[in-house]
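S.K.: Next up is a structure, given as structure tokens.
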Amino acid sequence: VLLLVMDMLTIMESNCRKFGIEATFLNLPELKSLIPEISDDIVGSVFFPNAGHSNPQRAVQAYGWACQDHGGKIYQGTAVTGISLSGGKVRGVNTTSGMIPADIVVCAAGPQTSLVGDTIGLHIPVAPGRVEIIATMPLESRFKTYLSANGLYGRQTLRGNLVFGGGPHEWIDVHLTQTPPKPNTPLIRNLSRRLAELLPGFQDLRLLRSWSGIVEQTPD
């Protein structure tokens, strides 16, 4: 994973040492050996050799199978409406299909995390934000590392597409039992401009598609 920065290398180095994170600091020539098309405006970078990423769809499916392998049950098409308490203790989870008894509840509701907490008066400082992703036409393999810079994050896929997201994340309202709308917006022009600035060698590459989604973020 490669995190590019302009003027914060000293702070980054201090934080990495503080938390025991393995990191290698690269100058522009070293960076270009990894990503030849990177902008000459980049003055330095940080490489994290032990970090990585996964395909979110495959990762979620793998978690689901692992849950079932360990005796877990997955309720599809069932929305949580709250947590049931009695005598100050958890008794179960209220859903659109009825109450599911439980002595322990782990809230992993993503963008709806704070809403679940609200049902029992628990403030969880997590907010839903809307993000967009753009994907270019495929090209030959040019780099293999995850890249974060110029307000973007992304990578080149095995098929050759450049897939990047970022830009200004919009705070939106969500509901416990409804899927929030995820229409694309003119933000894709902002993302395209940022990508052309970051990788000017690909500025004429055409976009193939884009999509958006709702993610959980701390408000800061």
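S.K.: Kindly list the number of the only condition in (1) open to solvent by less than 90 Å² (accessible area, probe 1.4 Å); (2) over 14 Å from Y146 (Cα atoms); (3) modelled with pLDDT under 90 that fails for E22.
M.R.: (1)
S.K.: Then there is this: Does region 81-96 contain any residue that is under 23 Å from the mean Cα position of the chain (by Cα) and surrounded by fewer than 17 Cβ atoms within 10 Å (Cβ to Cβ)? Working first, answer last.
M.R.: Filtering region 81-96 down to residues under 23 Å from the mean Cα position of the chain (by Cα) leaves none.
No; the residues of region 81-96 include none that is under 23 Å from the mean Cα position of the chain (by Cα) and surrounded by fewer than 17 Cβ atoms within 10 Å (Cβ to Cβ).
S.K.: Right, here's the next one. Could you check region 33-51 and list, in sequence order, the residues that are at pLDDT 90 or above, open to solvent by 50 Å² or more (accessible area, probe 1.4 Å) and assigned to a loop (DSSP other than H, G, I, E, B)?
M.R.: If the condition is that a residue be at pLDDT 90 or above, open to solvent by 50 Å² or more (accessible area, probe 1.4 Å) and assigned to a loop (DSSP other than H, G, I, E, B), then P36, D40, D41 are the ones that fit.
This table checks each residue for (1) within 16 Å of the chain's Cα centre (by Cα); (2) outside any loop (DSSP other than H, G, I, E, B).
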| site | (1), (2) |
| --- | --- |
| L115 | no, yes |
| G121 | no, no |
| I124 | no, no |
| K144 | no, no |
| S148 | yes, yes |
| R155 | yes, yes |
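S.K.: Please enumerate the residues belonging to region 113-127 that are of a type in the set (A, V, I, L, M, F, W, C), in contact with a Gly (Cβ under 8 Å, 6 or more places away or on another chain) and free of Cβ contacts under 8 Å to residues at least 60 places away in the same chain.
M.R.: Here is the first cut: in region 113-127, the residues of a type in the set (A, V, I, L, M, F, W, C) are 115-116, 120, 122, 124, 126-127.
Next, only the ones that are in contact with a Gly (Cβ under 8 Å, 6 or more places away or on another chain) stay: 116, 120, 124.
I120, I124, listed by residue number.
S.K.: Can you confirm whether region 173-187 contains a residue that is under 26 Å from G52 (Cα atoms) and open to solvent by less than 40 Å² (accessible area, probe 1.4 Å)? Even if it seems obvious, please write down each step before you answer.
M.R.: Step one: filter region 173-187 for residues under 26 Å from G52 (Cα atoms), giving none.
Within region 173-187, none of the residues are under 26 Å from G52 (Cα atoms) and open to solvent by less than 40 Å² (accessible area, probe 1.4 Å).
S.K.: Collect the residues in region 185-220 that are assigned to a loop (DSSP other than H, G, I, E, B), of a type outside the set (K, R) and over 17 Å from the mean Cα position of the chain (by Cα), keeping them in residue-number order.
M.R.: First, the residues of region 185-220 that are assigned to a loop (DSSP other than H, G, I, E, B): 185-186, 199, 203-206, 218-220.
Filter once more, keeping what is of a type outside the set (K, R): 185-186, 199, 203-205, 218-220.
Answer for region 185-220, where residues must be assigned to a loop (DSSP other than H, G, I, E, B), of a type outside the set (K, R) and over 17 Å from the mean Cα position of the chain (by Cα): T185, P186, L199, Q203, D204, L205.
S.K.: Among the numbered criteria (1) of a type outside the set (D, E); (2) farther than 22 Å from E216 by Cβ; (3) at pLDDT below 95, which single criterion is violated by R130?
M.R.: (2)
S.K.: If you don't mind, there's one more thing I want to ask. Which pairs do you get when a residue that is without any contact (Cβ under 8 Å) to a residue 24 or more places away in the chain, found in region 201-220, comes within reach of a residue that is among the aliphatic types (A, V, I, L, M), reach meaning Cβ atoms under 6 angstrom, with the pair 6+ apart or on two chains?
M.R.: Filtered contacts from region 201-220: Q203/A196.
S.K.: Looking at S114, S192, S210, which is the one that is at pLDDT 90 or above, touching a helix residue (DSSP H, G or I) at 6+ places or on another chain (Cβ under 6 Å), within 23 Å of P56 (Cα to Cα) and among the hydroxyl-bearing types (S, T, Y)?
M.R.: Working: S114 fails: touching a helix residue (DSSP H, G or I) at 6+ places or on another chain (Cβ under 6 Å); S192 fails: touching a helix residue (DSSP H, G or I) at 6+ places or on another chain (Cβ under 6 Å).
One residue alone meets the criteria, S210.
S.K.: Considering only residues that are part of a loop (DSSP other than H, G, I, E, B) and open to solvent by 40 Å² or more (accessible area, probe 1.4 Å), which ones fall in region 157-171?
M.R.: Keep residues of region 157-171 that are part of a loop (DSSP other than H, G, I, E, B), which gives 157-161.
The answer is L158, R159.
S.K.: Out of the residues in region 134-143 that are in contact with a strand residue (DSSP E or B) (Cβ under 7 Å, 6 or more places away or on another chain) and either among the acidic types (D, E) or open to solvent by 30 Å² or more (accessible area, probe 1.4 Å) (or both), which is nearest to L205 (Cα to Cα)?
M.R.: Keep residues of region 134-143 that are in contact with a strand residue (DSSP E or B) (Cβ under 7 Å, 6 or more places away or on another chain), which gives 134-137, 141-143.
Narrowing further to those that are either among the acidic types (D, E) or open to solvent by 30 Å² or more (accessible area, probe 1.4 Å) (or both): 137, 141-142.
On the way: M137: 7, S141: 14, R142: 14 Å.
Of everything passing the filter in region 134-143, M137 is nearest to L205 (Cα to Cα).
The values are calculated or read from the model by the stated rules, or taken from the named source; none is laboratory data. Here the structure is a predicted model, which means the values were calculated and not measured. Counting neighbours? That spans all protein chains shown, and the Cβs are built from the backbone with ideal geometry, glycine included. Accessible surface is based on the protein model in full, side chains and every heavy atom, while ligands, DNA and RNA are left aside. Shrake-Rupley method; radii C 1.70, N 1.55, O 1.52, S 1.80 Å.
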